[in-house]
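Every read-out reported here was derived from the displayed coordinates using simple, explicitly stated rules and does not represent laboratory data. Predicted model only: the values in this text are computed from it and were never measured. Cβ: placed from backbone, ideal geometry, glycine included. Neighbour counts: every protein chain shown.
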């Protein structure tokens with residue numbers, strides 16, 4: 001029997017001087033609401049409410065936490081509060097703006113600019129469904145990630161990591177800005193302290209070190225996710241997750257299919273970002289920016305006849321293995 005998720009705050013609830021309009025989204029770590037301030041301006045409010053630790057009945061304000069989970073709940077609460085305080089110090093068009101954060105109802109609320117538009121994930125799905133050779137043009141990918149990396153560089157300069165960069169957490173606004181949302185500070189604390197490592201992160205975009213308790217994380221961890229997002233913009237779907245790649249790495253083979261579609265340089269950048277060894281990746285956003293700006297060196301090398309034969313043979317093997325599977329694995333939607 002699945003656990004009942006904590007109920008969101010009802011419409012017209014007033015918290016910290018903001019009136020809740022409706023729920024926008026809910027995840028494992030909280031709920032996001034559309035709200036209005038005293039001047040009638042729309043804002044987004046994120047409430048810390050981890051569904052694995054807290055419950056709340058319909059119409060209630062206060063979360064209920066079991067005594068044995070209280071210390072972990074408070075640890076995540078502290079991290080969420082620190083995340084809000086850190087983000088409030090960052091002013092960059094590619095980083096979600098935190099306008100206010102406050103404690104109420106024995107939890108924490110983060111007030112952010114309300115963004116109108118769609119996620120990069122929405123755009124990828126739409127472009128993929130058009131079945132074009134290129135999901136996104138190379139010039140689009142380069143300009144998009146140049147914008148995102150400018151914001152990520154500022155985040156890292158503030159000694160923060162995002163830890164959950166993926167197309168669903170890159171928002172393309174109606175005024176054509178790319179904005180990183182949903183930073184993962186509280187998520188990281190809970191994954192270290194509780195036995196929740198695997199569910200914390202999105203398969204395909206999480207670096208190998210995120211699956212290990214003893215691993216060191218840094219800018220290179222977010223850079224792996226950036227590479228995976230670029231891959232998704234090129235292929236139309238995520239790369240294999242890190243544990244699969246550690247068993248049998250097919251990244252180079254997948255990217256080889258894109259030769260002559262995307263430049264050698266862009267393909268090499270993605271491979272560099274997604275190195276399984278953290279030390280083999282760019283160690284800073286600046287290093288990645290420098291390489292990504294080398295547009296003048298675009299070469300489009302075509303596959304040789306031998307490579308085409310090998311790829312076709314590999315496709316046959318993949319199709320054979322695919323039909324042998326009885327059901328999709330965890331996290332994979334059946335078509």
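Here are the numbers for the structure shown:
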{"read-out": "Region 1-138 - percent relative contact order, Cα under 8 Å, separation 6 or more", "value": "19"}
{"read-out": "Three principal axis lengths of region 123-168 [C-alpha, angstrom, descending]", "value": "41, 20, 11"}
{"read-out": "At q = 0.12, 0.15, 0.16 Å⁻¹, base-10 log of I(q)/I(0) for region 16-113 (Debye sum, equal scatterers on each alpha carbon)", "value": "-0.39, -0.60, -0.69"}
{"read-out": "Tensor-based shape of region 61-100 (alpha-carbon gyration tensor, a/c under 1.5 rounded, otherwise prolate or oblate)", "value": "prolate"}
{"read-out": "Region 76-169 - Rg and Dmax from Cα coordinates, angstrom", "value": "16.3, 51"}
{"read-out": "FRET efficiency estimate (nearest 0.05) - Cβ-Cβ, residue 176 to residue 106, R0 35 angstrom", "value": "0.30"}
{"read-out": "Ordering of 155-166, 117-128 by packing [mean C-beta count within 10 Å, highest first]", "value": "155-166, 117-128"}
